Amino acid sequence: MNEEATDRVFQALASAHRRQVLDIVKADPGCSVKDVCRHFDMSRIAVMKHLTVLEQAGLLISEKQGRTRSLYFNPVPIQMIHERWTDEFSALWAHRISALKHRAERPS
Amino acid sequence: MKGTTMEKHAKSVFRVVINAPIDKVWAELTRDDVLLPFFFNSRYDTVSGLRKGAPFRMISRDGKYTSVVGEVLEFDPPHRYVHTLRFTSLDDPPCKVTYELKQVDGGVEFTLINEQVPLGTKTEKYVTQGGQFIVDNLKAVVETGSATLGGRALLALIGAMSVFNPKSMRTENWPLEPTSGDH
């Protein structure tokens, strides 16, 4: 990810409302713009502006389905920022150990 | 499930821009002659290559174990590849995986879509965690020639853990037959 793209991610995340949008979409993958609007006391246009900023940062993916749009959270840009400052031993193992747990616990 | 998505199925989408020619990304994604780091160090095994309608299995380095089986639903180089996916260690029905490649400024926009994922199952957990790993490491492999640091650590762990693979994952239990529709 180049610096320009990184700027876009941080700018997109530098807003409580936009972070909340990501929470909403992550909890309900495939939700519509209307679903997101329901959580906010602002105009649809204002919400749409936030969605555009998030989409341009790559944090939100929208798929046209007929006349409505389905929204999905894309975790990849955040993962790439995480990797930039995380070395192989710090945050990695906490995450990987849960993968190990799933592997070990799966029925044989 | 909240909102309007009242389905029994989950869907997740992962996207990244890969700084490489589209043909190179496609070639890496569909290689069947080496272990693929972004597919958890497994290798494609097919009767006569990846093509529409072809069954495939993802086998371990020594070929003894099969982690995933599926059938190719669409194969349109270098833009779109769709297949079913079923984990051999689980009893869940197959889900659908789509890879889309699109030429954009600065490279190839690569999108991974997991669909028809049975809700609340381990398959859902695996593909949601795996999706991130795949796009991240495909990008790293194409751009740098190897997996990410975190990816390499996980692959080492998987290699070490493979002695615990259940018998149900043995390749002889997973003949190359079409898998969609019979579940």
Response to the item:
Quick P(r) readout (region B:79-183; Cα-Cα; 10 Å bins; whole %) gives 12, 35, 39, 13, 1
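Assigning unit charges at the beta carbon (Lys, Arg +1; Asp, Glu -1) and nothing else, what dipole magnitude in debye, to the nearest 20, does region B:1-146 show about its Cα centre?
Magnitude of the dipole: close to 300 debye.
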Discussion item. Tell me the relative contact order for chain A as a rounded percent, counting alpha carbon contacts under 8 Å between residues six or more apart.
Written reply: 27 percent
Discussion item. How many angstrom lie between the Cα centre of region B:88-104 and the Cα centre of region A:1-35?
Written reply: 24 Å
Worksheet item: Taking a temperature of 25 °C and a viscosity of 0.890 mPa s, what whole-number D in µm²/s does Stokes-Einstein yield for chain A with Rh from Kirkwood over alpha carbon pairs?
Response: 157 µm²/s
Worksheet, complete the sentence: All alpha-carbon distances of chain B, grouped into 10 Å bins from 0, give the whole-percent distribution 9, 37, 39, 14, 1
Worksheet item: Of B:HIS9, B:PHE39, B:PHE133, which is farthest on the positive side of the dipole of region B:1-138, counting Cα position, with +1 on Lys and Arg Cβ, -1 on Asp and Glu Cβ, and the Cα centre as origin?
Response: B:HIS9
Practice prompt. State, to one decimal in nm, how far the label point of A:GLN65 lies from the label point of A:ARG19, with both points 7 Å from Cα in the Cβ direction.
Written response: 2.9 nm
Item to complete: Treating each Cα of region B:104-149 as an identical point scatterer and ignoring solvent, apply the Debye formula and state log10 I(q)/I(0) at q = 0.21, 0.25, 0.28, 0.30 Å⁻¹.
Response: -0.77, -0.90, -0.99, -1.06
Practice prompt. Using the Cα centre as the reference, give the magnitude of the dipole from point charges on the C-beta atoms of the protein assembly as shown (Lys, Arg: +1; Asp, Glu: -1; all else neutral), rounded to the nearest 20 debye.
Written response: 620 debye
Practice prompt. Taking the dipole about the Cα centre of chain B, with the C-beta of Lys and Arg at +1 and of Asp and Glu at -1, give me whichever of B:TYR65, B:ALA160, B:PRO77 is farthest to the positive side.
Written response: B:ALA160
Discussion item. Once you keep just the Cα pairs under 8 angstrom separated by 6 or more residues, what percentage relative contact order results for chain B?
Written reply: 28 percent
Item to complete: Provide the convex hull volume over Cα atoms per residue for the protein assembly as shown, in Å³.
Response: 140 Å³
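Readers should treat all values here as calculations from the given coordinates under stated rules, not as data from a laboratory. Because the structure is predicted, anything quoted here is derived from the model rather than measured. Ideal geometry is used to build each Cβ from the backbone, glycine not excepted, and the neighbour counts take in all protein chains shown.
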